[in-house]
Amino acid sequence: QVQLVESGGGLVQPGGSLRLSCAVSGSIFKINAMGWYRQVPGKERELVAEISSGGSTNYVNSVKGRFTMSRDNAKNTVYLQMNSLKPEDTAVYYCNAEVKRFYYGSWAGYWGQGTQVTVSS
């Protein structure tokens with residue numbers, strides 16, 4: 001009933017840029033906070049950036065000044081603009097949304113399938 005689809009990943013050289021998108025669809029009453037996470041083989045998934053319903057953002061220290069998160073509430077879509085990319089940014093990036101459904105009592109978190117970002121010369 002709730003689906004998240006990420007797009008925009010790919011291969012880029014160090015110093016380059018990419019913009020990721022995440023579209024949420026389904027039986028949705030309201031979306032609260034949303035986040036971007038990333039994961040590399042052998043390590044746990046980590047939070048990269050998050051955005052509140054009002055648009056305030058927080059970032060992990062390693063991406064501050066390089067990544068910018070934003071959202072379009074009318075389209076139920078969130079974005080991650082990634083500039084000055086480094087090889088250590090290479091990972092699968094996942095979108096997460098806190099959603100309240102019609103006629104459903106509580107908030108719940110939902111995940112997308114992920115999109116690959118590779119930064120290499």
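Quick notes on this one:
- Here the Gaussian network model covers the chain, with springs between Cα atoms less than 10 Å apart; of Tyr110, Tyr37, Tyr93, Tyr110 fluctuates the most.
- Percent RCO, i.e. relative contact order, over the chain, from Cα pairs under 8 Å lying at least 6 residues apart: 36 percent
- FRET efficiency, 1/(1 + (r/R0)^6) with R0 22 Å, evaluated for Val5 and Thr90 via beta carbons: 0.55
- Dipole in debye (nearest 20) - segment 19-121, about Cα centre, beta carbon charges: Lys, Arg +1; Asp, Glu -1: 180 debye
- Solvent exposure ordering (accessible area, 1.4 Å, most first) of Trp36, Trp107: Trp107, Trp36
- Förster radius 35 Å - calculated FRET efficiency between Asp72 and Ser120, Cβ distance, rounded to 0.05: 0.70
The values are calculated or read from the model by the stated rules, or taken from the named source; none is laboratory data. Keep in mind that what you see is a predicted model, and the values were worked out from it rather than measured. Backbone-built Cβ (ideal geometry, glycine too); neighbour counts: all protein chains shown. Heads up: the accessible areas ignore ligands, DNA and RNA and are worked out on the full protein's heavy atoms, side chains in. Shrake-Rupley method; radii C 1.70, N 1.55, O 1.52, S 1.80 Å.
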